[in-house]
Amino acid sequence: MHTTVFERDRPDARVIAESLAGSRLSPFWLDDLPERPTLAAPTSDVHCDLAIVGGGYTGLWTALLAKERDPSRRVVLLEGKSIGWAASGRNGGFVEATLTHGEKNGETRFADELETLDALGMQNLDEIQATVETRGWAVDFERVGSIAVATESYQVPDLAAAHDGETEHFYDAAAMRALVNSPTYEGGLWSTRDTALVHPGKLASVLRDDCLEAGVEIHESSPVVDLRAEPNAVELRLKSGVTVRADRVALATNAFPSLLKRYRLHTVPVYDYVLMTEPLTDAQLASIGWQGRQGIADSANQFHYYRLSADNRILWGGYDAIYHFGGRIRPEYDDRAESYEKLASHFFTTFPQLEGVRFSHRWAGVIDTCSRFCAFHATAHQGRVAYSAGFTGLGVAATRFAANVMLDQLAGETTERTSLDMVRSMPLPFPPEPATYPAVQSVRWALDRADHNSGTRNLFLRTLDKVGLGFDS
């Protein structure tokens, strides 16, 4: 078993401690927004055409697209806390075309329709860009592509094999380090078309504004505690006791327990940790190059993702993927010193020339992980309820595709989207506790072992791959 570059070239503990001192435990993207008044919870029972549960990207896109399809329909969106406070305000802002969590996962699970899925994913990303431009959204949108970097020599051949000279460009170690200057790089593949970057908080904010302008009724601080299908409507009961009755319901709760009990084991909430630096000086930025401002991720099972913000901060996240017993989601899990220290150590291993840079923010977000790594879509109660979840960390763009799937399903339409095997099939559920926790820890251990063994997957991981049951951040 070999050591990785992040273990061989660790920075001094003092550098790590000083970089984190004074960092704020709060998502930068949400701190960077102006304060807005809360959209009040309903005080009396409501009847509407479409009710949406969840005020993140999935719910917001569903509401906006529903109004575009039929402006006369009464749409009510219910959010338990505030718009965009969860994953939609805590992610890295990578707007990726893939609907299958990458080419390899797509080939494994949906080989017969991968070409169609790739085309639909690119179309979805193109439509997001067109929406940003047509609507004049100020969301720091940059269609800059992404770079997969190799930090170990065994990762290089796969990147080199993907080079096509058109939209996929391979760089050897010297060329990659000339593009972005890190001593850890052994090579890289720049995919020029498949990724944009965005300010996640601003995206949630403009979606909220455009939903309101379109006539969507948004209620914050309105947690839904029960769903019941009656003959003439689907009833949603709020914690306050208010009932919302709807002809159709879209569930966009992602990592949180589904209101449909049959799907509660189809996702597990996995905590992902993130750091954001202070803005880099011109000299610091020049020391790393990165003039193309691409999003970057390394190629291990336990990977980092990173990108520049509009004001030249570096967001640095990933690697640790932490599951808590029972699938619990609690505020105290956000502050995990071990994860932040590990991330800071790996940051300065990647960019030693930035020693002295401090992190202004640290935060965590919960990923709705499913066993096939990409979103699944389901209906219930004679097609009156639709549900999409399981984005597994790649939902910024895919949530818009999911919104269209749910709207097609709720309308009873057979479309190219609803005919996909990816949409009609379901991932395997995770086992119930007490089996889930040791199973997840075993997978994490095996993935770490693979990263220390030139990527070779042991029998345990190969067996999980064969039956289609996996775990990923």
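The values are calculated or read from the model by the stated rules, or taken from the named source; none is laboratory data. Owing to the predicted nature of the structure, the values given are computational and were not obtained by experimental measurement. Backbone-built Cβ (ideal geometry, glycine too); neighbour counts: all protein chains shown. The protein model used for the area step is the full one, side chains on, heavy atoms only, and it has no ligands, DNA or RNA in it. Shrake-Rupley method; radii C 1.70, N 1.55, O 1.52, S 1.80 Å.
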Cα-based equivalent ellipsoid, the chain: semi-axes from gyration tensor eigenvalues, Å: 36, 24, 22
Relative contact order for the chain, counting Cα pairs under 8 Å that sit 6 or more residues apart, in percent: 23
For the chain, accessible area per residue (1.4 Å probe, heavy atoms of protein chains only), Å²: 41
Compactness of the stretch 342-415 - radius of gyration and Dmax, Cα, Å: 19.5, 59
Where N is the number of residues in the stretch 108-167, Cα Rg divided by 2.2 N^0.38 Å: 1.53
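Quick check: net charge around A300, other residues with Cβ under 10 Å of its Cβ, Lys/Arg +1 and Asp/Glu -1?
Residues close to A300 contribute a combined charge of -4.
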Where N is the number of residues in the stretch 311-458, Cα Rg divided by 2.2 N^0.38 Å: 1.32
Fraction in percent of alpha-carbon pairs per bin - 10 Å, the stretch 269-328: 20, 42, 25, 10, 2
Alpha-carbon centroids, the stretch 120-171 and the stretch 417-457: separation in whole Å: 25
Interatomic Cα distance distribution for the stretch 49-180, bins of 10 angstrom, percent: 10, 27, 34, 20, 8, 2
Cα-based helix-to-principal-axis angle, 57-69 vs the chain, degrees rounded to 10: 50
The stretch 1-123 shape via C-alpha gyration tensor axes, a/c threshold 1.5: oblate
On Cα atoms only, tilt of 398-410 relative to the major axis of the chain in degrees: 20
Tail fraction, Cα-Cα pairs, the stretch 1-72, threshold 21 Å, whole percent: 63
Between 0 and 90°, nearest 10: helix 337-350 axis offset from the chain longest Cα axis: 50
Within the accessible area of the chain (1.4 Å probe), percent carbon and sulfur: 50
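Over its Cα atoms, what ratio of radius of gyration to 2.2 N^0.38 Å does the stretch 167-299 give? Before the final figure, lay out the partial values.
Values: Rg = 23.0 Å, N = 133, 2.2 N^0.38 = 14.1 Å.
The value comes to 1.63.
For a protection proxy built on the mean count of beta-carbon atoms within 10 angstrom, sort 461-467, 88-94, 124-130 highest first, please. Can you show the working numbers first?
Numbers: 461-467: 12.7, 88-94: 25.1, 124-130: 17.7.
Result, highest mean Cβ count within 10 Å first: 88-94, 124-130, 461-467.
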Unit Cα scatterers, Debye sum, the stretch 114-229: log10 I(q)/I(0) for q = 0.12 Å⁻¹: -0.66
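Using the Kirkwood radius over C-alpha pairs as Rh, can you work out the diffusion coefficient of the stretch 196-263 via Stokes-Einstein at 25 °C, viscosity 0.890 mPa s, in µm² per second? Spell out each step's value before the answer.
Working: Rh = 14.2 Å.
Answer, rounded: 173 µm²/s.
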Positive-pole candidate from A21, T43, L33, dipole of the stretch 1-82, charges at beta carbon: T43
